[in-house]
1. I'd like to verify a number: residues in the range 28-58 that are among the aromatic types (Phe, Trp, Tyr) and not in a helix (DSSP H, G or I), how many?
2. Take the conditions hydrophobic (A, V, I, L, M, F, W, C) and closer than 19 Å to Arg6 by Cβ and apply them to Leu75. Does it pass?
3. Inside the range 59-101, can you point out the residues that are surrounded by fewer than 16 Cβ atoms within 10 Å (Cβ to Cβ) and either touching a Phe, Trp or Tyr at 6+ places or on another chain (Cβ under 6 Å) or touching a residue at least 40 places away in the same chain (Cβ under 8 Å) (or both)?
4. Would you point out the residue of the range 59-98, among those that are of a type in the set (Ser, Thr, Tyr) and part of a helix (DSSP H, G or I), that is nearest to the chain's Cα centre (by Cα)?
5. I need the full set of residues from the range 25-52 which are of a type in the set (A, V, I, L, M) and surrounded by 14 or more Cβ atoms within 10 Å (Cβ to Cβ), in order please.
Amino acid sequence: MQALIRRSLRILSSLGVETPLSELVALQIGYWGKSFPELKEAENRILEIVDLEEERYHKTIEKGISLVSRIVKRLKKEKQEKISTDVLIELYDSHGIPPEIVSK
């Protein structure tokens with residue numbers, strides 16, 4: 001579920017959508033809740049999880065931007081122009097920072 005939420009947040013960000021994901025999820029629950037009453041029953045819990053993951057995602061991105069900035073400074077000192085694939089993989093695996101954030 002975390003991966004789905006984070007992918008949704010990345011897509012919203014890339015599209016320039018500033019609406020919180022929980023608002024969009026609430027609209028979907030309202031729409032689909034008629035056909036799937038279990039969604040309505042679990043609405044509060046679902047929205048809590050989405051809000052929590054969105055908060056964690058934004059904190060991860062903030063930390064990631066700082067970390068990438070330090071890496072870029074180091075690479076410039078070493079006269080390197082690109083971040084290696086190994087570093088990109090480490091940033092994603094160890095810190096949860098997706099490559100599209102690094103490219104910014």
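1. Residues meeting the conditions: 1.
2. no
3. Matches in the range 59-101: Glu100 only.
4. Thr60
5. Val25, Ala26, Ile29, Leu39, Ala42, Ile46, Leu47, Ile49, Val50 - these are the residues of the range 25-52 that are of a type in the set (A, V, I, L, M) and surrounded by 14 or more Cβ atoms within 10 Å (Cβ to Cβ).
Bear in mind that the values in this text are calculations on the coordinates, not laboratory data. Predicted model, so just to flag it, every value in this text is computed and none were measured. Don't worry about glycine lacking a Cβ; one is built from the backbone with ideal geometry, like all the others, and counts go over all protein chains shown.
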